[in-house]
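First up is the structure itself, then whatever we jot down about it.
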Ligand code: 0WK
Ligand code: BGC
Ligand code: BGC
């Protein structure tokens, strides 16, 4: 090798040169003052620039000047490392990054392989190795099994396919797939394919990936901006030879990382230097802004090929790099890749050789059309020529094939050029890798990082010096990282199969999830049937015929007209809380003072006497606190259970619901039970004037503000509705004019089996476990007391299928009522990120992954959506009945609503309204959320009764 006189270099430069790692001869040491040994005087030849061949000393200057450009100093490498690291963190933060930045693309690969993956997978590799694609059949045998060698076949991609219409490229790929599979003597049913697509893509799932831009030698039309998995699926369908399920798309760096030999791993960085170059690594998910994750890691494809921060790259870009870029398919793009990728190294060498030949330094100043032809020197040529042993001979052979006559010193100089270009590529790649390693150490808050890097690509395979220079330079730039480089054994095919296995498992889980939730996804037809069945049951119930809807007259004939006045006591029993209220109705409005009291389960399920004595105790306590003791105010009793009312103050309890089961009450007049309890508690005067259902109380309470409010709806612990029916339609009450508020008790809708088509096994589980099996069917599909339990049973089922929580059934999840309905409202709230969903579930002691959290969210959404839609179908039946009762083309009506589920669930109310709009398009329905609960309504009913009683006395 020629050597260059030392005095030419700046002190720090010479110092650095000497430091060149790995014992590789520093480029210039061999250059003596006379320049490369071979640069002696040369005679003219055709195509040669005879005149003014440089004298030996000039030619070494020329060589030095030419190759000097490829020298990247340690300072420059550190600047590139720092700028690349900055660009990585910028892109991770989700800040819009200029095209010249790295892309940091999440790959949806959340864990390195845990070796349990098993099965046969087809892998299609496109783009990693330039003008060829490879198909592999990979058999994964899990931890135990003996490793099976993948079968593979390589297909050369014709240039016109690499530059033609995208459909042609994908059809070509599908044809290669079939040709490969035709030769495989295996069972080819249920084939699952992993697509290794080595180009920058925005992934939105393991099997959804949109191509950002072509790189390397590809530029097919109609693909950028499209989902390449769909394009492949369409091509396979067009090919029609095999039904192949494309379950995962993977960047080649990810395949390389995932294919890391178990004994060495896990590798958490994948580095590819083949035609192109790129790396991926396992980043902390919380640092990837586009993912709303706070736990675990996710593999990020850096796409450092697009790094070209002019500030730091400008100084190292040579005239040859600019020339290469100008003649490339994508000028201005992938500048960093074009200094490292195997597709470009050969071209850089060609450009340098052509330049040196034209300068008369090489080949006697002779060039050849082949030497001047783009792409005539390939990566493998550089590898062969650079080979320290056989290289010189190969130089002669290869360059003679290019029509050049190679002098003795030419060969050495050519090898020099190859080594120079390659060394720079390796050092730049090292700077980039050092940036990734620094990022990893930083994101894991480690002093020292010990890491395994999986390497893949023909530059590694063919240029052994590439790895050693890379290693040395990484040690220089990232001394706090202890890096072991693990060559990938099969170019990442196995790694892609690993990801495919994980994707296949997740896809199978998703299918099982969809199958499980499908019965909860009610379509318009099904909801219209529910509406029609409810309508029919309403009519039958009003006629007193057998119906699951009791349609109980409430003896409330009018909504308030605003003339009500006075102070009233009100009780509100049957919801989440038992409340005692003082309601003062004045011209200026209604003032409410209330106190919440609990009804312990042992009281709710104890004796009736105990329950009503507890109620009177609360009233007395309230009166004392409000200074009302001894006053006998008219009292309105909101009793939220099915009662057959014989009058405003007579209500026979038909059956308990919602977890109440006090004895000796069913079949009794609950007003009497209350009065007896009052009597038992001497010295208490209470005038029970009215008993109302909470739906009626809610309708009245909202009707006080909006006279069009003629429907009351409760969706809380239980569910029910009432509405103002034409008296003529109420068989149980005499009279043909005027209205009567009907308590539908729609909770029992379907108890006659009319909802069985919609009932799922999970509904049956919940019903079986309830204290009133076979009762309140509609309620048990809608209301807050049951939705959490339905979700819990679905989660148990999915866990038993291995879809959730890795199939581990936990004691907690088998505990009744452990999954509160309020969790649905919390989990489904838009403001909650998945991580908070996970926090709720972890509090339940559920060991879950982020996929689990996502699935639990979908289960909650399916259960609450069905509940809201069924509720909407019920309201649609009611408002349509009122519209038809009044023979109106269009009805404008308001619905007073109360209940924790309706009020707190983030989407329930809007889903109900949307369902009503679809099923009752001729009704304009306004939903009024009751602010004061039905206690106020009960007081207003009492006030109306008192007003009517007074006018009756007058
Ligand atoms: C508040 C009403 C009450 C009704 C309750 C229903 O004042 O009468 O029973 O809403 O909602 P829950 O408390 O069952 O969620
Ligand atoms: C692509 C990367 C790929 C790399 C190595 C680059 O051109 O943009 O996605 O990983 O080549 O094949
Ligand atoms: C009761 C109804 C009540 C509803 C809402 C149901 O369980 O049967 O009377 O209106 O819950 O609280």
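The values are calculated or read from the model by the stated rules, or taken from the named source; none is laboratory data. Nothing here was measured: the structure is a model prediction, and the numbers come from that model. Cβ: placed from backbone, ideal geometry, glycine included. Neighbour counts: every protein chain shown.
Can you report the number of residues in segment 473-497 which are out of contact with any strand residue (DSSP E or B) (no Cβ under 7 Å at 6 or more places or on another chain) and surrounded by 19 or more Cβ atoms within 10 Å (Cβ to Cβ)? Full working, then the answer.
Going residue by residue through segment 473-497, those that are out of contact with any strand residue (DSSP E or B) (no Cβ under 7 Å at 6 or more places or on another chain) are 473, 475-479, 489-490, 495.
Filter once more, so that each one left must be surrounded by 19 or more Cβ atoms within 10 Å (Cβ to Cβ): 473, 476-478, 490, 495.
So the answer is 6.
Just checking, which of 877, 913, 868, 943 is surrounded by 20 or more Cβ atoms within 10 Å (Cβ to Cβ) and touching a strand residue (DSSP E or B) at 6+ places or on another chain (Cβ under 8 Å)? So that I can check it myself, show each step before the final result.
Working: 877 fails: touching a strand residue (DSSP E or B) at 6+ places or on another chain (Cβ under 8 Å); 913 fails: surrounded by 20 or more Cβ atoms within 10 Å (Cβ to Cβ); 868 fails: touching a strand residue (DSSP E or B) at 6+ places or on another chain (Cβ under 8 Å).
Answer to the check: 943.
For segment 765-796, give me each residue that is touching a helix residue (DSSP H, G or I) at 6+ places or on another chain (Cβ under 8 Å), in a loop (DSSP other than H, G, I, E, B) and surrounded by fewer than 24 Cβ atoms within 10 Å (Cβ to Cβ). Let's see the steps before the verdict.
As a first pass, look at segment 765-796 and keep what is touching a helix residue (DSSP H, G or I) at 6+ places or on another chain (Cβ under 8 Å): 765-767, 769-770, 773-796.
Going one step further and asking which of them are in a loop (DSSP other than H, G, I, E, B), we end up with 770, 773-776, 783.
Passing the criteria: 770, 773, 774, 775.
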Which of the residues that make up segment 462-504 are in a helix (DSSP H, G or I) and within 31 Å of the chain's Cα centre (by Cα)?
493, 494, 495, 496, 497, 498, 499, 500, 501, 502, 503, 504
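Here are 308, 301: which of them is away from ligand 3 (no atom under 16 Å from the Cβ), at pLDDT below 95 and surrounded by 18 or more Cβ atoms within 10 Å (Cβ to Cβ)?
Being away from ligand 3 (no atom under 16 Å from the Cβ), at pLDDT below 95 and surrounded by 18 or more Cβ atoms within 10 Å (Cβ to Cβ) holds for just one of 308, 301, which is 308.
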Residues located in segment 640-655, provided they are part of a loop (DSSP other than H, G, I, E, B) and within 14 Å of ligand 1 (Cβ to nearest atom)
640, 641, 642
Go through segment 615-634 and give me each residue that's part of a helix (DSSP H, G or I) and either buried (at least 20 other Cβ atoms within 10 Å of the Cβ) or touching a residue at least 24 places away in the same chain (Cβ under 8 Å) (or both).
615, 616, 617, 618, 619, 620, 621, 622, 623, 625, 626
Does residue 713 satisfy being away from ligand 1 (no atom under 15 Å from the Cβ) and outside any loop (DSSP other than H, G, I, E, B)?
no
If you go through segment 584-593 one residue at a time, do you hit one that is buried (at least 23 other Cβ atoms within 10 Å of the Cβ) and in contact (Cβ under 8 Å) with a residue 24 or more places away in the chain?
yes
Segment 672-710, subset in a strand (DSSP E or B) and within 16 Å of ligand 3 (Cβ to nearest atom), residue farthest from residue 897 (Cα to Cα)
690
Could you look through segment 505-532, keep only residues that are surrounded by fewer than 20 Cβ atoms within 10 Å (Cβ to Cβ) and under 30 Å from residue 729 (Cα atoms), and pick out the one that is farthest from the chain's Cα centre (by Cα)?
532
Say whether the condition of being closer than 19 Å to residue 140 by Cβ and either surrounded by 22 or more Cβ atoms within 10 Å (Cβ to Cβ) or in the same structural domain as residue 335 (by the TED database) (or both) is met by at least one residue in segment 224-239.
no
Sole residue being assigned to a strand (DSSP E or B) and over 53 Å from the mean Cα position of the chain (by Cα), chosen from 568, 637:
568
